[in-house]
Structures are given as structure tokens and as C-alpha cells.
Amino acid sequence: MQVFDGQENPIATIVSARFAQVQKFLTLSAHVYDPAVIVMSSDTHDDLSAEDRAVLLDAAKTGARASRTLAADAEVAGVALLKQAGMQVLTGIDRARFTAAMASANPEFEKLFGRERIEQIRGSA
């Protein structure tokens, strides 16, 4: 028999996989952001007129706002469903303790990604 102490997934996955049937606790840690991206080859982008590039950029920004709103609303609804299913939800985590616990990994992350990139990510949190 397998026993798991925890799992990490988006709220939508936790709801759809029915983890509430086997999981009693949920911690909303906000430790990750899962973006949706629009990808286009540079050749295709460069072939667009300046006007079409501007329209595409505006549409992408509109889509990003809509996506973030939909995702936030879905998360709120999903957490409510999980609570109704009996899951205990913890929201007040001690982020400073998580940061302190990860401090020893920072030099390796900086080697891999560069200090500027790490600071940029931290600044957007």
C-alpha cells in the first residue's frame, strides 16, 4: 500500500481528481504562478505589419487579463468546493520561514539563472 504525506497541484486538479476523498488538509501557499503563454515564431511575428503586431499585442493583453480573472474565480470556487467536501484549508502561512528554509539553495539558483533574474522574480511576487 502506498502512503503519501502530501501532493502539489492546482486547485482545479485537486477538485477534478477528487483528492478531497483522500486528503484532509489543503495549504494555500501561493508558492507558484502558472502562466498561460502565447507563442509565435520570430519569423511569423516579423512578417506581420506594425499595425497587426499592435493588434496582436492588445489582444494578448486582453486575453491575459481575462485568463487571470477566470483562473482567480475558478480557484475561489474550487476552494469553496473543497471546503464543502470537508477539507480543512490553511491560508495563513509563514512565508518568512519558507524563505529562510530555502536560503541555502539561493547560491545554486543564482548560478543557474543569474542574480538579476532571481531578483526580478522576487520583485514580481
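Every number here is computed from the coordinates shown, using simple stated rules; none is lab data. Here the structure is a predicted model, which is why all the values come from computation and not from measurement.
Going through (i) 8.1; (ii) 11.8; (iii) 6.6, the figure that equals mean projected area of the Cα convex hull in nm² as computed for the structure here is (ii).
Note that the range 37-49 has calculated 3J(HN,Hα) couplings of 10, 10, 10, 8, 5, 5, 5, 5, 4, 5, 6, 6, 6 Hz, one per residue in order, obtained from phi through the Karplus relation 6.51 cos²θ - 1.76 cosθ + 1.60 (θ = phi - 60°); glycine and proline are x.
The stretch between Ser16 and Ser41 holds 5.6 nm of extra length on full extension. This uses 0.36 nm per residue minus the Cα-Cα distance.
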